[in-house]
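What follows is calculated from the coordinates using simple rules that are stated; it is not laboratory data. Computed from a prediction, not measured in an experiment: that's the story for all the values here. Counting neighbours? That spans all protein chains shown, and the Cβs are built from the backbone with ideal geometry, glycine included.
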């Protein structure tokens, strides 16, 4: 059926509601599941208060200008260190979420990327080993918003791969699964 399933997680419990659906989908197959999260690019972390450079102060009309400079900022970690730290944190998160699938005998890969979530998901999904994208849609303001303005909508309309959208109910209820159809443009998706 599927050789490679790309599962997107954003760290929220709602996004993680796709994992039981994925477990059922790949049960008894040799499909490889790739868990992907896309983080914001972190910046350097200041280690102490950053002092500002004082503007020129004129003491008298005939006196020369005096400039008082504060200390240069001191950083607890550089941008590169911040990216490495965040990548390690996100990898640990994905490994933890992939463990139940591994216990079921599913091969799980984890990928951390930084940047625009929709662009990164679509870019990764175009790899030849990916056959299906599975992602949650929060459904906070209705399916039309999902289709026309969210990350899920942008991934869906990219056409990179088929997309299985899962809209979680209450956390312990069964999630609703939406399979987009070609004939249902006004409803955008049909419940299966």
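Data overview
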| read-out | value |
| --- | --- |
| FRET efficiency for residue 41 and residue 103, using Cβ-Cβ distance with R0 set to 22 Å, rounded to 0.05 | 0.10 |
| Gain upon complete extension [residue 84, residue 27; 0.36 nm per residue less C-alpha separation] | 17.1 nm |
| Full-extension gain in nm, residue 131 to residue 114, via 0.36 nm per residue minus C-alpha separation | 3.9 nm |
| Diffusion coefficient, µm² s⁻¹, Stokes-Einstein with Kirkwood Rh over alpha-carbon pairs of region 84-137 at 37 °C and 0.692 mPa s | 258 µm²/s |
